[in-house]
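The values are calculated or read from the model by the stated rules, or taken from the named source; none is laboratory data. All of these numbers come straight from a predicted model, not from anything done at the bench. Cβ sites come from the backbone with ideal geometry, for glycine too, and all protein chains shown count toward neighbours. Just so you know, the surface numbers come from the protein's heavy atoms only, side chains and all, with ligands and any DNA or RNA stripped out. Shrake-Rupley method; radii C 1.70, N 1.55, O 1.52, S 1.80 Å.
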Amino acid sequence: MSGEEQKYINDAFETNWIAPLGPNVDGFEREIAKYTGVRDAAAVSSGTAAIHLALLLLDVQAGDVVFCSSLTFVASANPIIYENAVPVFIDSEPETWNMSPDALERALR
């Protein structure tokens, strides 16, 4: 934390721009776009919304298989179900808790 957070929280309340829009979100989107070297960026309200947007942008269709970490909260798999795709859960590595590359490779085959 930088110590500036309370100022932005107060500003959001005073200007009635709490969520999901407003000048702070607009500024964040501009900064992310500039940092990543793309024309535009979009902030979303949750990780679930981000996954759902990614699936839509990838044109995931009903019946498509989408790999998903087994070490997750249901919200990670819900967007897959929203698109009537098939979530396939891939085991995690015990050392990192991340998706196992070996298990992913087996699933890809």
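Please work out the average accessible area per residue across the range 1-77, using the 1.4 Å probe convention, and give it in Å².
Numbers: 5990 Å² over 77 residues.
Accessible area per residue, the range 1-77: 78 Å².
Extension gain for the segment ASP40 to ALA54, taken as residue separation times 0.36 nm less the Cα-Cα distance, is 3.5 nm to one decimal. Take 11-18, 98-105, 85-92 and order them by the average number of nearby Cβ atoms within 10 Å per residue, most first; the result is 85-92, 98-105, 11-18.
Near the amide H of PHE67, within less than 5 Å, lie the amide hydrogens of VAL88, all on another chain or at least 5 residues away, with H placed in the peptide plane.
In the set (1) 28, 16, 15; (2) 34, 17, 14; (3) 31, 14, 10, the label that goes with semi-axes √(5λ) of the Cα gyration tensor in Å computed for this structure is (2). The fraction of accessible area contributed by carbon and sulfur in the range 59-108 is 56 percent, rounded to a whole number (1.4 Å probe; ligands and nucleic acids excluded).
Backbone phi angles across the range 48-54, fed through the Karplus curve with coefficients 6.51, -1.76 and 1.60 (θ = phi - 60°), yield HN-Hα couplings of 4, 5, 5, 5, 4, 4, 4 Hz in residue order; Gly and Pro are listed as x.
Close amide H contacts of ALA85 (hydrogens built in the peptide plane, cut-off under 5 Å, sequence separation of 5 or more or a different chain): GLY63.
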